[in-house]
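Undergrad: Sharing a structure here in structure tokens format.
The numbers here are math on the coordinates, done by the rules we state, and not lab data. Here the structure is a predicted model, which is why all the values come from computation and not from measurement. Cβ sites come from the backbone with ideal geometry, for glycine too, and all protein chains shown count toward neighbours.
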Amino acid sequence: MTRKPVIFAAIAAVLVACAVAVGIMWEPSIAAVQPPAASSFDRQLKLDGARVVALGDCVVCHTARRGPPFAGGLPLATPFGTIYATNITPDAETGIGTWSLQAFTRAVRYGISRDGHQLYPAFPYIHFTRMSDHDVAAAYAYLMSRDPVKATAPDNKLIFPLNFRPLVAFWNVLFLHPGERTPDAAQTAEWNHGHLLVDGLGHCASCHSPLNVIGGEKSGRAFDGGQVDGWEAPPLNQLGNAVRPWTKEQLVTYLRTGRASEHGAAAGPMLPVTRDLATVPQEDVEAIAAYILSIQNPVPPAIGKTAAQTSQDAGSASAQRGAILFNGSCASCHGSGSPMQTIGTRPTLAFSTAVNAQTPRNAIQMMMGGVPWHGEDRMNYMPPFGDVFSNDQLADLASYLRATYSTRVQWTAVDDTVSKVRKENEAR
């Protein structure tokens, strides 16, 4: 008899827990609307929207390779499987054509689709939630004014139970903190503008921060560096620790052109970001650079090599084999007497962020995939060598670059990294 109250209490607790869980996971749908005509939006609002969408890098993630802009289908690799970006053109069947501004705003700020299902946080709504009402409305006007494209994204390929969307609601409880940020009165207008762009629209921390075991940005580790699509996203709070510390002018130039005279060229996921930033007002990029340079952490100097270590690294069998490959395939562009070094703005490899990084991953990715041709922008082009060199040859070349052009300690397990990177790239 005495056990009955305990059993009833346990049942009641379970029912309450289930009710709370359902309350957290359930979101109502928002009624569909007729796709609004492009002419129904104010011209200036659409122009503002083009800037907002460029700052948010929307086309980068929502465009499949060789696919129509914003039509989705791009695979986004995560530790939990592959997520395919959705169609955000105003197509009524496969895009967001029937979404009202209210539905669009909820998706941007809370990660909830028009029909009420949870969006995966590969869509950086935890940062977009800080966008102003005007910016959200402008982005909506711009996207709804584009030509509709009928395109259905492939089904996501996520591990169980993360393929059960309602569970994202509990992730949101931990990581989603809605609301615009209040400007810091102690800082300049440029700094506050940059903070808002970096922390909100630009969502820089999404790529440049390490993630925890459930895919959230690690607390207190913002801008400490991360990994995206097989590339290392370098720590943004250690730009002052580069071989040549970054200046504001260099950072602005890099963000708008994809190259910096004393640091190298953008590649991988960062390259299309710079192409978007080339279209926004100069003052936006200057504000971004000002804020990023204000968050630099004091770090101890990188451990350099002794003269004996330098000689030993350069004399290794791997580096010597790499020297032969470099002289045959790379020296015409990157050698000390090449036109790219004596004419133009290409830096020596001694300043390269990839060559001086903690791991060889980005140097390997650059050699494998190169930098794609982009219209008339020849300065950023580099042919791919992934199909030219074997894994062993790429490892030798990476060892040579590190031994010859960097004063930092030699990389370890380079051959393992090459093999891992190639397998990752082939799986995409």
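Undergrad: In the chain, which helices (entire DSSP H runs) extend 15 Å or more along their own long axis, judged by Cα positions, while averaging at least 1.6 on the Kyte-Doolittle scale? Each step should come with its number before you reach the end.
TA: Values: long enough: 3-25 (33 Å, 2.07); 43-55 (19 Å, 0.24); 133-144 (16 Å, 0.36); 282-294 (18 Å, 0.48); 317-329 (18 Å, 0.20); 391-405 (21 Å, -0.39); 414-427 (20 Å, -1.21).
Qualifying helices, which must be both long enough and hydrophobic enough, are 3-25.
Undergrad: Can you put ASP224, ASP199 in order, fewest other beta carbons within 10 Å first? The partial results should precede the final answer.
TA: On the way: ASP224 19, ASP199 16.
If I rank by nearby Cβ atoms, fewest first, I get ASP199, ASP224.
Undergrad: Obtain the nm distance between the two label points defined at THR359 and ASP392 by a simple spin-label model: each point lies 7 Å from its Cα along the Cα-to-C-beta direction.
TA: Label-label distance for THR359 and ASP392, simple model: 2.5 nm.
Undergrad: Compute the Cα gyration tensor for the range 42-199, then decide on rounded, prolate or oblate, letting a ≥ b ≥ c be the square roots of its eigenvalues: rounded whenever a/c is under 1.5, prolate when a/b is larger than b/c in the other cases, and oblate in all that remain.
TA: Details: a/c = 1.79, a/b = 1.21, b/c = 1.49.
In terms of gyration-tensor shape, oblate.
Undergrad: Then there is this: Is it possible to state the helix-based mean residue ellipticity at 222 nm for the chain, with each DSSP H run of 4+ residues giving -39500 (n - 2.57), the sum divided by total residues, to the nearest 500 deg cm²/dmol? What is it?
TA: Details: 19 runs with 185 residues, N = 428.
Taking each H run of at least 4 residues, the total per residue is -12500 deg cm²/dmol.
Undergrad: Hey, another quick one. Relative to the Cα centre, what is the charge dipole magnitude of the chain, using +1 at the beta carbon of each Lys and Arg, -1 at the beta carbon of each Asp and Glu, and rounding to the nearest 20 debye?
TA: On the way: 34 positive and 35 negative charges, 145 e Å.
Value, rounded to 20: 700 debye.
Undergrad: In addition: Rounded to two decimal places and with Rh computed the Kirkwood way over Cα pairs, what is Rg over Rh for the range 79-126? If you can, show how the numbers build up before the last one.
TA: Numbers: Rg = 11.1 Å, Rh = 11.4 Å.
With Rg and the Kirkwood Rh in hand, the quotient comes to 0.97.
Undergrad: Please find the FRET efficiency linking THR348 to ILE324, where r is the Cβ-Cβ separation and R0 is fixed at 30 Å, and quote it to the nearest 0.05. Mind showing how you got there, number by number?
TA: Details: r = 20 Å, r/R0 = 0.68.
Computed FRET efficiency for THR348 and ILE324: 0.90.
Undergrad: Given axes a ≥ b ≥ c from the Cα gyration tensor, I'd like to know whether the range 194-261 is rounded (a/c under 1.5), prolate (a/b larger than b/c) or oblate.
TA: Numbers: a/c = 1.92, a/b = 1.64, b/c = 1.17.
Judged from the Cα gyration tensor, the range 194-261 comes out prolate (a/c at least 1.5, a/b above b/c).
Undergrad: Here's something else I'd like to know. Please give the length that would be gained between ARG65 and SER332 if that part of the chain were fully extended, namely 0.36 nm times their separation in residues minus their C-alpha to C-alpha distance (nm, one decimal).
TA: 93.1 nm
Undergrad: Which of GLN118, LEU162, LEU143 sits farthest toward the positive end of the charge dipole of the range 16-174, with +1 on the Cβ of Lys and Arg and -1 on the Cβ of Asp and Glu?
TA: Going by the charge dipole, the pick is LEU162.
Undergrad: Can you count the Lys pairs in the chain whose Cα atoms are under 30 Å apart, with each pair 8 or more apart or on different chains?
TA: 9
Undergrad: Relative to the present Cα-Cα distance, how much length would full extension add between GLN44 and LYS157 at 0.36 nm per residue of separation?
TA: Values: separation 113, 0.36 × 113 = 40.68 nm, distance 4.00 nm.
36.7 nm is the gain from fully extending GLN44 to LYS157.
Undergrad: For the chain, what D do you get in µm² per second when you plug the Kirkwood radius from alpha-carbon pairs into Stokes-Einstein at 25 °C and 0.890 mPa s? Mind showing how you got there, number by number?
TA: Numbers: Rh = 23.8 Å.
This corresponds to a translational diffusion coefficient of 103 µm²/s.
Undergrad: Name the long-range amide H neighbours of MET382: under 5 Å, sequence gap of 5 or more, or other chain; modelled H, no Pro or chain starts.
TA: When sequence neighbours closer than 5 places are left aside, the close amide H contacts are VAL371.
Undergrad: Using a Gaussian network model of the chain whose springs link C-alpha atoms within less than 10 Å, name the residue from TRP373, TRP99, TRP246 with the highest mean-square fluctuation.
TA: The residue with the greatest mean-square fluctuation here is TRP373.
Undergrad: Now for a separate question. Could you give the length gained on full extension between SER419 and LEU174, defined as 0.36 nm per residue of separation minus the Cα-Cα distance, in nm?
TA: Details: separation 245, 0.36 × 245 = 88.20 nm, distance 3.60 nm.
Residue separation times 0.36 nm, minus the Cα-Cα distance, leaves 84.6 nm.
Undergrad: Could you list the residues of the range 36-67 with an amide nitrogen less than 14 Å from a label point located 7 Å from the Cα of ALA189 in the Cα-to-C-beta direction?
TA: none
Undergrad: Please state the relative contact order of the chain as a whole percent: Cα pairs under 8 Å, 6+ residues apart?
TA: Reported relative contact order: 13 percent.
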